[in-house]
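So the structure is just underneath, and the comments pick up after that.
The values are calculated or read from the model by the stated rules, or taken from the named source; none is laboratory data. All figures in this text were calculated on a predicted structure; none of them were measured in a lab. No Cβ is skipped: glycine too gets one built from the backbone with ideal geometry, and neighbour counts run over all protein chains shown. Protein only, heavy atoms only, side chains kept; ligands, DNA and RNA dropped before computing areas. Shrake-Rupley method; radii C 1.70, N 1.55, O 1.52, S 1.80 Å.
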Amino acid sequence: MIQRSCQFSKTNSFFLFGARGTGKTTLLNRLFSKKDTLFIDLLNVSRFEELLLDISRFENLINTKENKNKRVVVDEVQKLPQLLDIIHSQIQKKKRQFVLTGSSSRKLKQKGTNLLAGRAWVYHLYPFSSFEMGRKFNLKRALEWGALPEAVLAKDRESAREYLNAYVGTYLEKEIQQEQWVRKLQPFRRFLSTAAQMNGKIVNKSKIARDIGVDDVTVANYFEILEDTLLGISLPAFHLSVRKAQKQAPKFYFIDTGIKRALQKTLTVELLPQTFSYGEAFEHWLLLEVIKNASYQRKDWTYSYLRTKEGLEIDLIIQRPKDLLLIEIKSKDRVSGEDAKALSSLAKDIDPKAKKWLVSRDTLERDFNSVRALPWQKALKELFI
């Protein structure tokens, strides 16, 4: 059994958001016993249709003699956002705890949706982190197959590949076709493949639009769908001027390296160190590790990247309450002072007091002038342990 890092309130109501397959339901079933918890799964077709036809049945159900003193867990609450009005009332009047999971925030973002006015805290669940997996963690496998629970726990590589291929296919079928978020499915399929190829690169909506045969507005909507369904995150550009930063295009990352490779149809391709693909996968994975663990520890951090007109780049900039941390990510197993030059140079213009890390697979920790070169394991431990 893999112990998850996400810690929840035992008394306050909360939302638990996470992409399909991250293990939300499994985790809650492990944490809360059926003796004192009522579980309502809106993916259950009969239950969903019952409540859709008569929303008042929800209040009747949770207030029966058997259930009235129980905690209530509602899986995939975004499928019936109108339940939130009843839940809000119950929290106010009866101080009951509600746990509400969701694999999409799209319907919940619509105007007029009741988000419980801060009475429910918000947590996120991601694919497994290296800390959660402990001794079972294998970097090469994580880069190739990602960290979705079923992919990690698959008995062999073939099973993991079949699961990931089914995952991206199911996503198309269930999330897009059923919710009718796009008018035509075929351009969106082409977009997903292109987005996977562009993973970790600066988003060029106009170029993507030309490649898949739609307009820029449609491409922007497609990216919004991926973020709303928690399958991807945007990394904004950094600038000392917030206004100027907002005018620059972000980078986009899928929430899991395995999902990205499944969409790219490269799951059968072995990732070998010292190749460009391996370097991209390592950067992708390490960035996700930072975001996952910071979220679990409720860190008040913001993230960005920097690329200059001359092509110099900082992979990850973390703005923390007390300082600024600049991180350059290299998949090399032996780094040198040359790898730290851009970081050292750019830091002078950003913030001379900023901390500068060069994070890699090199097992030797050392300094290159003002840049700390750290093994990735040590870097993550310093950030989160």
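Per-structure values
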item: Subset tally (residues that are in contact with a helix residue (DSSP H, G or I) (Cβ under 7 Å, 6 or more places away or on another chain) and assigned to a helix (DSSP H, G or I)) for region 74-86; result: 6
item: Looking only at region 340-355, and only at residues there that are open to solvent by 20 Å² or more (accessible area, probe 1.4 Å) and in contact (Cβ under 8 Å) with a residue 12 or more places away in the chain, the one that is nearest to R135 (Cα to Cα); result: K355
item: Complete set of residues in region 356-378 that are outside any strand (DSSP E or B), touching a residue at least 60 places away in the same chain (Cβ under 8 Å) and hydrophobic (A, V, I, L, M, F, W, C); result: W376
item: Any hit, region 41-58, residues being touching a residue at least 40 places away in the same chain (Cβ under 8 Å), of a type in the set (A, V, I, L, M) and either farther than 23 Å from K95 by Cβ or surrounded by 13 or more Cβ atoms within 10 Å (Cβ to Cβ) (or both); result: no
item: Helices (runs of 4 or more DSSP H) contained in region 107-213 and holding at least 1 residues touching a residue at least 60 places away in the same chain (Cβ under 8 Å) and open to solvent by 30 Å² or more (accessible area, probe 1.4 Å); result: 130-133, 139-145, 149-152, 157-170, 185-197
item: Among (1) more than 30 Å from E382 (Cβ to Cβ); (2) in contact with a Gly (Cβ under 7 Å, 6 or more places away or on another chain) - the single one P149 does not satisfy; result: (1)
item: Matching residues, region 214-235, being among the hydrophobic types (A, V, I, L, M, F, W, C), without any contact (Cβ under 8 Å) to a residue 60 or more places away in the chain and either part of a helix (DSSP H, G or I) or closer than 22 Å to S304 by Cβ (or both); result: V217, V219, A220, F223, L226, I233
item: Residue match in region 269-279 (condition: open to solvent by 10 Å² or more (accessible area, probe 1.4 Å) and of a type in the set (V, I, T)); result: yes
item: Hits in region 319-339 (condition: of a type outside the set (K, R), open to solvent by 80 Å² or more (accessible area, probe 1.4 Å) and touching a residue at least 40 places away in the same chain (Cβ under 8 Å)); result: D333
item: Count of region 266-306 residues which are of a type outside the set (V, I, T), part of a loop (DSSP other than H, G, I, E, B), in contact (Cβ under 8 Å) with a residue 40 or more places away in the chain and over 22 Å from A342 (Cα atoms); result: 5
item: Residues satisfying the stated conditions in region 361-372, i.e. farther than 16 Å from I317 by Cα and surrounded by 19 or more Cβ atoms within 10 Å (Cβ to Cβ); result: D362
item: Verdict on I62 being within 29 Å of the chain's Cα centre (by Cα), of a type in the set (A, V, I, L, M, F, W, C) and buried (at least 19 other Cβ atoms within 10 Å of the Cβ); result: no
item: Subset of region 74-86 [more than 14 Å from R47 (Cα to Cα) and either open to solvent by less than 50 Å² (accessible area, probe 1.4 Å) or among the charged types (D, E, K, R) (or both)]; result: Q78, P81, L84, D85, I86
item: Scope region 87-104; condition of a type outside the set (K, R) and surrounded by fewer than 17 Cβ atoms within 10 Å (Cβ to Cβ); matching residues; result: S89, Q92
item: Given (1) open to solvent by 30 Å² or more (accessible area, probe 1.4 Å); (2) over 23 Å from K251 (Cβ atoms); (3) among the small types (G, A, S); (4) under 29 Å from the mean Cα position of the chain (by Cα), number of the condition G311 does not satisfy; result: (2)
item: Residues being of a type in the set (S, T, N, Q) and within 30 Å of L288 (Cα to Cα) - total across region 10-67; result: 7
